[in-house]
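What follows draws every value from the coordinates through simple rules; no lab data is involved. No experiment lies behind these values; they were computed from the predicted model shown. Methodologically, a virtual Cβ is constructed for each residue, glycine included, from the backbone with ideal geometry; neighbour enumeration extends over all protein chains shown.
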Amino acid sequence: MTTALALTNLEASAGGRQILNGINLEIPFGEVHAVMGPNGSGKSTLCHVLSGKTGYEITGSARLDGDELLALAVHDRARLGLIQCFQYPTEIPGLRLREFMLEAASELGIENGAARIVEAAEQFDMTRFLDRSVNDDLSGGEKKRSEIFQMAVLSPKVALLDEVDSGLDIDAVREVAAAVDEMRSPEVGVLMITHYSRILRFVIPDRVHVLIEGKIVASGGPELADTLEAGGYERLRAELGLQAAEEQKAPAPDPFSELPFEG
Ligand SMILES: Nc1ncnc2c1ncn2[C@@H]1O[C@H](COP(=O)(O)OP(=O)(O)OP(=O)(O)O)[C@@H](O)[C@H]1O
Ligand SMILES: [Mg+2]
């Protein structure tokens, strides 16, 4: 079986700042991989770089079902079967959700687009939003549900879910998780970014990866999410010796031998 998404030594910088520091990751078709990491560790940047957002200097390789993504334009990556559910979905006043989805489905050569849209809208309680502008004046939770609805219609090969559970109420987390779980199939690989192990109780990931400072520092089974929940990133950093490395870079002054006003 081929790999849905294969990242090799993926590095990215923006504004003179190195954000991704050599990411290696393989998501086989049929698997859901969770990526967790502290704020600012590069999770959204990873999604943006894979989707084709401009403004980054990028090296390395990212293959979707064997095809190199990094040299392609955003729409060509989407045509290959990549979809990103955004952490902060954009409002597009003037563009109705139904038209947007019809256009996208037709571009991707999806048969029975109109019927699929109606069916998925019913499933995700999106029917009343179909003839409103995309995301315009939707609540945070409704926007996230809309992202999942769009993904269900477009049946991607690789889905990048950036905090699809943030801002959702307890029932909505369960619903969104059920939708992601339903998507599981031998035809799709899912990269699911989350801060909370809550959603991972409903969508059991095949692997959990921890991203710190733009690098995957630990990978494991679903139990890794529970370990993180219990001890936080600080304990993991300490266990991996990451703190020691930082301390070496900038040794703390010894308060007993270095007097601040001397010399
Ligand atoms: N265009 C840019 N120019 C400079 N710095 C950037 C740029 N884009 C992102 N960054 C920085 O890169 C770091 C990683 O950002 P990113 O949004 O990927 O983090 P994240 O892991 O998704 O965090 P969160 O959990 O808060 O969503 C942050 O410190 C951010 O400020
Ligand atoms: Mg983010």
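Ordering Ile170, Ile212 by the number of other Cβ atoms within 10 Å of each residue's own Cβ, fewest first, gives Ile170, Ile212. Taking 12 Å as the straight-line reach from the Cα of Lys215, the aspartates and glutamates in range (excluding those fewer than 8 positions away in the same chain) are Glu11.
Given the options Leu224, Leu95, Leu50, which has the most mean-square fluctuation in a GNM of the chain, springs set between C-alpha atoms less than 10 angstrom apart? Between Leu224, Leu95, Leu50, it is Leu95 that shows the largest mean-square fluctuation. Normalising the average separation of contacting C-alpha pairs (under 8 angstrom, six or more residues apart) by the number of residues puts the relative contact order of the chain at 25 percent. Considering only Tyr88, Val173, Ile199, whose Cα is most displaced toward the positive end of the charge dipole of the chain, charges sitting on Cβ of Lys, Arg (+1) and Asp, Glu (-1)? In the chain, that residue is Tyr88. Just to confirm the filter: which chymotrypsin sites (Phe, Trp or Tyr not before Pro) across the range 121-203 are DSSP coil and have at most 16 other Cβ within 10 angstrom of their Cβ? Passing sites in the range 121-203 are Tyr196, Phe202.
Applying the criteria of a DSSP loop state and at most 14 other Cβ atoms within 10 Å to the GluC sites (Glu not before Pro) of the range 124-202 yields Glu187.
A compact globular protein would have a Cα radius of gyration near 2.2 N^0.38 Å; the ratio found for the range 3-249 is 1.01.
Using only alpha carbon positions, build the gyration tensor of the range 1-138, then give the equivalent ellipsoid semi-axes as the square roots of 5 times its eigenvalues, largest first, whole angstrom.
For the range 1-138, the ellipsoid semi-axes come out as 30, 19, 14 Å.
Each helix, a run of at least 4 DSSP H residues, gives -39500 (n - 2.57); summed and divided by the residues of the chain, these come to -11000 deg cm²/dmol at 222 nm. Put a plus charge on the Cβ of each Lys and Arg, a minus charge on the Cβ of each Asp and Glu, and nothing anywhere else: the dipole of the range 15-137 about its Cα centre is then about 380 debye. Computed about the Cα centre, the dipole magnitude for the chain is approximately 320 debye when only Lys and Arg (+1) and Asp and Glu (-1) carry charge, each at its Cβ. Within the chain, DSSP assigns beta bridges of which about 60% are antiparallel (rounded to the nearest 5).
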